[in-house]
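The values are calculated or read from the model by the stated rules, or taken from the named source; none is laboratory data. Remember, it's a predicted structure, so these values are computed and weren't measured experimentally. A quick note on method: Cβ atoms are made from the backbone with ideal geometry, for glycine too, and the neighbour counts reach across all protein chains shown.
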């Protein structure tokens, strides 16, 4: 487990042949903050998250976790990162408990039994702990997937569209959970389309379009209006407000 | 640490497979169908061709093995769990070994059914020297699976992965097939020439050592983008 | 194009023009007659086939562990030429063998190893063509495994059977055989280098084009 105080993305780009997925993005995320990556489909949010998760290497630019890059930290860095992906990363044939136990073991969590029980309680899945995940609803899977991502108490939490398919209650519960995690010292970066829910949540918002960072805002208010204004500007590349 | 991760992955694969039994049943049925097709194609006047049994056995193993490999990694592609495995701080070669042992176990299980079946259909005394046959099967299956697991894993995010797996795998595993078939055929002779069998076993062992080592060495660079 | 390319191409063209004359006036081999002259195409092709396979293997390993795209371009070009010269070898061989020894094909060491090496190269090309993004690294891995496989194929087929004229054919030939052979060999080598350079250049242009596209509106 490696502890770090901030995440620095420095002029990062990622290309796939001729396709620019992410282009010259720079931002910093501090401890106890939630940063949102906002933008239309294909803006590069998922690619950016994949790079932060060390699944992809940037073609140019550097990502610093605290003092060092991924290469400098080595494999141990992955033990400090938790990812809630679009695809949830759960084995449908295994039960909720088995999924959590497997990943807890993989991340060398100390007291697997107690940790898993605690996680199941927080996810509200204690009664369904021994049912296969394939029998769960979307909301239940999402809650379980979040606990899976947090099972090793990561310093950095990355979420890709976490509010998709959640009903009102689950969405609010997730908001509360993220706020609690932020307050306890995590760095959270999330990509989302859900501007209403994200509005109250974000400490910083990064707006992406066509892989480029078109704007950034601190503690954005009236997020939906702000988003529309920014996205409607033709091909803007300079920040118009807030600090990047 | 390494061994713990291997055990975790192996146990997880075993649990998942036991719940659904999908790969075991389909791969086994496919292998049996293969053997039957060969029987219909090759048996003349109620008798199989000379030394046909050894060849047919190994072909069935190769085909069933390819199917099992493809399906195992297709499963990891759903819900992107292979990504989740790569995200863990666990040493990546340990994940490879865990998957490898799972595939080997599955194939050996299938062979338990295939060997008597081939022996029966082709009147070949495959079960007359079970210990030696077992050694040949284990070493050969390990070699085939070592290359197969690596290739199947690296093809997970490639296009046309279903057809590319056999295209890549078969040329590289030719020595395994040659050694396996020749050793098994030698075992079926009335007079067993141990020198021949020892040679093939030595070759298989070398192949296994070299290719498992290569796979461990290249798993990380091949799986990272 | 580098400065040496055009002069080399001219030289190569001249050599190809001269080579048939040398081959024609080389003495007939006693038992095989005219057909044996295919040997002057077959053997140099086989050498180029082997050389290209080695280049592909080494470049692939360097790419896999170093990540420099230059090595990848070289590996890809070399693999394509393995397929080309391998095909020439595998066609001229049986043509010669049929007339000389009466059989189209024998499952002996050299033939089988060559065929398997060629198959791996074809698999490499299929992977690059149909594998989608990321297939550059995968192909490098395949090339590495293919290279490691060679001794095993050789030993296993060797132990299994053997009939093929040994390479001693070359040193024991009288010089009237020797000169046309070495001349052909050099000609093929020059042609190989030219083709390799052209093919690598195609990939270089492609990646330069990609880079231009990417930098277009930055």
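Please enumerate the residues belonging to region B:200-221 that are touching a residue at least 12 places away in the same chain (Cβ under 8 Å) and within 14 Å of chain A (Cβ to nearest Cβ).
B:219, B:220
Only residues that are modelled with pLDDT under 90 and part of a loop (DSSP other than H, G, I, E, B): list them for region A:58-81, please.
A:59, A:66, A:67, A:74
Residue A:111 passes all but one of (1) surrounded by 21 or more Cβ atoms within 10 Å (Cβ to Cβ); (2) away from chain B (no Cβ under 13 Å); which number fails?
With respect to (1) surrounded by 21 or more Cβ atoms within 10 Å (Cβ to Cβ); (2) away from chain B (no Cβ under 13 Å), residue A:111 is out only on (1).
Among the candidates C:218, C:168, single out the residue that is in a helix (DSSP H, G or I), farther than 26 Å from residue C:6 by Cβ and either at pLDDT below 90 or within 18 Å of the chain's Cα centre (by Cα) (or both). Even if it seems obvious, please write down each step before you answer.
Details: C:218 fails: in a helix (DSSP H, G or I).
None of the others qualify; the one that does is C:168.
Looking at region C:122-148 only, could you name the residues that are over 19 Å from residue B:225 (Cα atoms), more than 9 Å from chain B (Cβ to nearest Cβ) and in contact (Cβ under 8 Å) with a residue 60 or more places away in the chain?
Hit for region C:122-148 is C:147, nothing else.
Would you say residue C:193 is modelled with pLDDT under 85 and either surrounded by 15 or more Cβ atoms within 10 Å (Cβ to Cβ) or in a helix (DSSP H, G or I) (or both)? Give the steps one after another, and end with the answer.
Working: modelled with pLDDT under 85: no; either surrounded by 15 or more Cβ atoms within 10 Å (Cβ to Cβ) or in a helix (DSSP H, G or I) (or both): yes.
Answer is no for this residue.
Out of region B:108-130, which residues are surrounded by 17 or more Cβ atoms within 10 Å (Cβ to Cβ), closer than 23 Å to residue B:212 by Cβ and without any contact (Cβ under 8 Å) to a residue 60 or more places away in the chain?
B:111
Looking at this structure, is residue A:80 touching a residue at least 60 places away in the same chain (Cβ under 8 Å) and within 14 Å of chain B (Cβ to nearest Cβ)? Even if it seems obvious, please write down each step before you answer.
On the way: touching a residue at least 60 places away in the same chain (Cβ under 8 Å): yes; within 14 Å of chain B (Cβ to nearest Cβ): yes.
Yes; evaluated as a whole, the condition is true for this residue.
Quick check on residue A:93: is it within 11 Å of chain B (Cβ to nearest Cβ), more than 25 Å from residue A:191 (Cα to Cα) and in contact with a helix residue (DSSP H, G or I) (Cβ under 7 Å, 6 or more places away or on another chain)? I'd like the intermediate steps shown before the answer.
Details: within 11 Å of chain B (Cβ to nearest Cβ): yes; more than 25 Å from residue A:191 (Cα to Cα): yes; in contact with a helix residue (DSSP H, G or I) (Cβ under 7 Å, 6 or more places away or on another chain): yes.
The answer is yes for residue A:93.
Has region B:131-142 got at least one residue that is free of Cβ contacts under 8 Å to residues at least 12 places away in the same chain, farther than 20 Å from residue B:30 by Cα and surrounded by fewer than 16 Cβ atoms within 10 Å (Cβ to Cβ)?
First pass over region B:131-142, keeping only residues free of Cβ contacts under 8 Å to residues at least 12 places away in the same chain: B:131, B:134.
Those left that are additionally farther than 20 Å from residue B:30 by Cα: B:131, B:134.
Still in the list and also surrounded by fewer than 16 Cβ atoms within 10 Å (Cβ to Cβ): B:131, B:134.
Looking through region B:131-142, at least one residue is free of Cβ contacts under 8 Å to residues at least 12 places away in the same chain, farther than 20 Å from residue B:30 by Cα and surrounded by fewer than 16 Cβ atoms within 10 Å (Cβ to Cβ).
What about residue A:169, is it surrounded by fewer than 20 Cβ atoms within 10 Å (Cβ to Cβ) and either within 18 Å of residue A:34 (Cβ to Cβ) or more than 14 Å from every other protein chain (Cβ to nearest Cβ) (or both)? First the steps, then the outcome.
Details: surrounded by fewer than 20 Cβ atoms within 10 Å (Cβ to Cβ): yes; either within 18 Å of residue A:34 (Cβ to Cβ) or more than 14 Å from every other protein chain (Cβ to nearest Cβ) (or both): yes.
Taking the combined requirement at face value, the residue satisfies it.
Taking the conditions exactly as written (away from chain A (no Cβ under 14 Å) and either modelled with pLDDT of 90 or more or within 13 Å of the chain's Cα centre (by Cα) (or both)), does residue B:85 satisfy them or not?
Numbers: away from chain A (no Cβ under 14 Å): no; either modelled with pLDDT of 90 or more or within 13 Å of the chain's Cα centre (by Cα) (or both): yes.
So residue B:85 does not fit the description; no.
Within region B:13-46, track down each residue that is free of Cβ contacts under 8 Å to residues at least 12 places away in the same chain and either within 14 Å of chain A (Cβ to nearest Cβ) or under 15 Å from residue B:122 (Cβ atoms) (or both). Show your work before the answer.
First pass over region B:13-46, keeping only residues free of Cβ contacts under 8 Å to residues at least 12 places away in the same chain: B:15, B:18-21, B:25, B:29, B:33, B:37, B:40-41, B:44-46.
Within region B:13-46, B:15, B:18, B:19, B:20, B:21, B:37, B:40, B:41, B:44, B:45, B:46 qualify.
Can you confirm whether residue A:98 is within 12 Å of chain B (Cβ to nearest Cβ) and touching a helix residue (DSSP H, G or I) at 6+ places or on another chain (Cβ under 9 Å)?
Numbers: within 12 Å of chain B (Cβ to nearest Cβ): yes; touching a helix residue (DSSP H, G or I) at 6+ places or on another chain (Cβ under 9 Å): yes.
So residue A:98 passes the test.
If you go through region A:3-57, how many residues are part of a strand (DSSP E or B), touching a residue at least 60 places away in the same chain (Cβ under 8 Å) and more than 13 Å from every other protein chain (Cβ to nearest Cβ)?
Within region A:3-57, residues that are part of a strand (DSSP E or B), touching a residue at least 60 places away in the same chain (Cβ under 8 Å) and more than 13 Å from every other protein chain (Cβ to nearest Cβ) number 12.
Please indicate, with yes or no, whether at least one residue in region B:171-193 is facing chain C (nearest Cβ under 10 Å) and farther than 23 Å from residue B:108 by Cα.
no
Residue-wise test of (1) under 15 Å from the mean Cα position of the chain (by Cα); (2) buried (at least 19 other Cβ atoms within 10 Å of the Cβ).
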site	(1), (2)
C:5	no, no
C:15	no, no
C:20	no, no
C:58	yes, no
C:64	no, yes
C:69	no, no
C:74	yes, yes
C:82	yes, yes
C:86	yes, yes
